[in-house]
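Structure, as structure tokens:
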Amino acid sequence: MPLALLALAVSAFGIGTTEFVMMGLLPNVADDLGTSVPTAGHLVSAYAIGVVVGAPLLTALGSRVPRKKMLLLLMALFVVGNLASALAPGFGWLVAGRVLAGLPHGAFFGVGAVVAARLVVEGRQARAVATMFLGLTVANILGVPAATLLGQQLGWRSTFLVVTVIGLLAMAALARLVPDVPVDERQSLGREVRALGRTQVLLGLLTAVFGFAGVFAVYSYLASMTTEVMGFGESSVTLVLALFGIGMTAGALAAGPLTDRALRPTLYGSLGALALVLVAFRFTIHVPWLALVTVVVLGAVGFMTTTPLQMLVMNKAKDAPTLASASNHSAFNLANAGGAWAGGAAVATGWGWTSPTLVGAGLAVVGLAIAVVAGLLDRTRTSAGTTEGASRVVAGSAPVAEEPTHAVSGSGTPASGS
């Protein structure tokens, strides 16, 4: 494994910690700032809005910036946003800090995914991207539970100060380990925008918006479900979050090789399993040990959707994948914001703390339906002989079937220094 992937994973660890820790701290932040938990849930949406806005904007502004320098600049902005969150004097300032911290998220993962794919040989791109995403999953095993416990004991501000330090360490790792990856000379903003407008790319993004929203409809309120429904004390929230993170890691480890082998079946299977597990959680949540098992499985099937969705939009954007890759994280965070809003709305309506499970299942089914429609359209176009579909010739080789992932722009040969 190229050491540069480790630097990307460390960065992902910091980003994942600050993104997901707010779910565990919602009750603490609400108490400290004198608001309700559903209102504090807007802090989850604030971060997501930052990602949605920042991913296309910062990717466009940095389209001609060398990839390593771009990664460092984005991580520097991440550090500033978390420091602003830690020092926020009130709820409105905290919302602003969360938006600022979210701005570089999508652009970082968009650029990072393209860099990761260029560090390995063809046929292992999904594994490389999944390795970077492992930082997110480890954040949910170690970073989020530890940061939540720290926030509960020393105050939520201490959490964001620690994340600021993690961001600085990530910058050092990027500077030391990531090789210089030049911008593709063929790359231009117009080319990237045209690639983003392709039907299959847009359908992939729409799948992420609805499908992944199913995860966040529940995960955003998992801390409250732990204490209000499962019957555990506040000290058990870190354990439940860690179990979710273990599931995420298992899902990420499985998603890489499965996506390299069969992209669309992996996507269909993970979305279908997500819907079923969310429905099951509606019932298992009342039995403590079954609830804990379901949390692990939910993390696994939920995060298994991310790698195939990432590789799908990169493949369909072909030789201009950076903006599409970054926009995929905008889609994930629209899912974050939409899922948090939908789950919170169900609770606020009076349907109870278990209602987000069924809301999430419905969203996952919508995502699966969009994915299936996209697959049928792709198959139809392939049968008609179009080049946008699944089968195409790469570097003069024989046609490649749709399901395995292929190289993105310039990714067939590892970058120098890898």
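The values are calculated or read from the model by the stated rules, or taken from the named source; none is laboratory data. Keep in mind the model is a prediction, meaning the values are calculated, not measured. Methodologically, a virtual Cβ is constructed for each residue, glycine included, from the backbone with ideal geometry; neighbour enumeration extends over all protein chains shown. Surface areas here come from the heavy atoms of the whole protein model, side chains and all, with no ligands, DNA or RNA. Shrake-Rupley method; radii C 1.70, N 1.55, O 1.52, S 1.80 Å.
Explain nothing, just the number: relative contact order of region 118-249, from Cα pairs under 8 Å at least 6 residues apart, as a whole percent.
Working: 63 pairs, mean separation 60.7, N = 132.
Relative contact order comes out at 46 percent.
Across the chain, where is the longest run that never hits trypsin sites (Lys or Arg not before Pro) in a DSSP loop with at most 12 other C-beta atoms within 10 Å? Walk me through the numbers before you get to the answer.
Details: sites that count: R64, R186.
No qualifying site falls inside 187-418, the longest such stretch.
Between T380 and R157, with labels modelled 7 Å along Cα→Cβ, what's the label distance in nm to one decimal, could you check?
5.8
Got a sec? Charge dipole of the chain, +1 on Cβ for Lys and Arg, -1 for Asp and Glu; which of G190, H105, N315 is way out at the positive end?
Highest projection toward the positive end goes to G190.
Is there a quick way to get the dipole size of the chain? I mean about its Cα centre, with the Cβ of Lys and Arg at +1 and of Asp and Glu at -1; what is the value in debye to the nearest 20? Let's see the in-between values first.
Values: 22 positive and 16 negative charges, 176 e Å.
Taking the Cα centre of the chain as origin, the dipole is about 840 debye.
If you consider only alpha-carbon coordinates, what radius of gyration and Dmax does region 130-233 have, in Å?
Using the Cα atoms of region 130-233, the pair Rg, Dmax is 19.6, 58 Å.
How charged is the neighbourhood of N336? Take every other residue with its Cβ under 14 Å from the Cβ of N336, and add Lys/Arg as +1 and Asp/Glu as -1. All intermediate terms of the calculation are to be shown ahead of the outcome.
Working: positive: R98; negative: E19.
So the environment of N336 carries a net charge of 0.
What angle, in degrees between 0 and 90 and rounded to the nearest 10, separates the Cα long axis of helix 306-316 from the longest principal axis of the Cα atoms of the chain?
Result, in degrees: 30.
For region 236-308, what mean projected area does the convex hull of the alpha carbons give, in nm²?
Values: hull surface 17.6 nm².
One quarter of the hull surface, i.e. the mean projection, equals 4.4 nm².
Could you list the residues of region 130-157 with an amide nitrogen less than 11 Å from a label point located 7 Å from the Cα of L169 in the Cα-to-C-beta direction?
143
In whole Å and largest first, what semi-axes does the C-alpha gyration tensor of region 106-148 yield when each eigenvalue is scaled by 5 and square-rooted?
25, 12, 5
Between L87 and E228, take the C-beta separation as r, use R0 = 45 Å, and let me know the FRET efficiency to the nearest 0.05. Write down the numbers at each step before the final one.
On the way: r = 31 Å, r/R0 = 0.70.
Efficiency for this residue pair is about 0.90.
Which value, in Å³ per residue, describes the convex hull spanned by the Cα atoms of region 186-301?
On the way: hull volume 15.1 nm³, N = 116.
It is 130 Å³ per residue.
Treat each spin label as a single point 7 Å out from the Cα along the C-beta direction, and report the V373 to A348 distance in nm.
Each label point lies 7 Å from its Cα, and together they span 2.8 nm.
Roughly what angle does helix 199-219 make with the longest principal axis of the chain, taking Cα atoms, 0 to 90 degrees, to the nearest 10?
Once rounded, one gets 20 degrees.
Normalised by the empirical 2.2 N^0.38 Å for globular proteins, what value does the Cα Rg of the chain take?
Details: Rg = 20.1 Å, N = 418, 2.2 N^0.38 = 21.8 Å.
So the Cα radius of gyration is 0.92 times the expected 2.2 N^0.38 Å.
Please report the base-10 log of the normalised intensity I(q)/I(0) for region 267-372, using a Debye sum with one equal scatterer per alpha carbon and no solvent, at each q in 0.12, 0.21, 0.23 (1/Å).
The Debye formula, applied to the Cα set alone, gives -0.46, -1.14, -1.27.
I'd like the carbon and sulfur percentage of the solvent accessible area for the chain, probe radius 1.4 Å, heavy atoms only, ligands and nucleic acids excluded. Please list the in-between numbers first.
On the way: 10280 of 14640 Å².
Of all accessible area on the chain, carbon and sulfur atoms account for 70 percent.
How far is it, in nm, from the label point at R194 to the one at L290 when both lie 7 Å from their Cα along the line to the Cβ?
Label-label distance for R194 and L290, simple model: 5.6 nm.
Mind checking the full-extension length gain between F283 and R261? Use 0.36 nm per residue of separation minus the Cα-Cα distance, one decimal, nm.
Details: separation 22, 0.36 × 22 = 7.92 nm, distance 3.43 nm.
Roughly 4.5 nm would be gained on extension.
Calculate how steeply helix 156-177 sits against the longest principal axis of the alpha-carbon atoms of the chain, using the helix alpha-carbon long axis, and give the answer as 0 to 90 degrees to the nearest 10.
20
Can you give the charge dipole size of region 86-239 about its Cα centre, rounded to the nearest 20 debye, using +1 on the beta carbon of Lys and Arg and -1 on the beta carbon of Asp and Glu? If you can, show how the numbers build up before the last one.
Details: 10 positive and 7 negative charges, 63 e Å.
Result for region 86-239 is approximately 300 debye, rounded to the nearest 20.
Projecting each Cα onto the charge dipole of the chain (Lys/Arg +1, Asp/Glu -1 at the beta carbon, about the Cα centre), which of G231, V163, L73 comes out farthest on the positive side?
Sorting the options by dipole projection puts first L73.
If you take every residue apart from L119 with its C-beta less than 13 Å away from the C-beta of L119, what net charge results, scoring Lys and Arg +1 and Asp and Glu -1?
Working: positive: R67, K68, R118, R124, R127; negative: E122, D180.
My count for the surroundings of L119 gives +3.
Using the Cα gyration tensor of region 122-182, with a ≥ b ≥ c the square roots of its eigenvalues, what is the shape: rounded (a/c below 1.5), prolate (a/b larger than b/c) or oblate (neither)? Before the final figure, lay out each step's value.
Values: a/c = 5.02, a/b = 1.78, b/c = 2.82.
Taking the square roots of the gyration eigenvalues as a ≥ b ≥ c, region 122-182 is oblate.
Roughly how compact is region 1-122, stated as its Cα Rg over 2.2 N^0.38 Å to two decimals?
Numbers: Rg = 15.7 Å, N = 122, 2.2 N^0.38 = 13.7 Å.
Scaled against compact globular proteins, the figure is 1.15.
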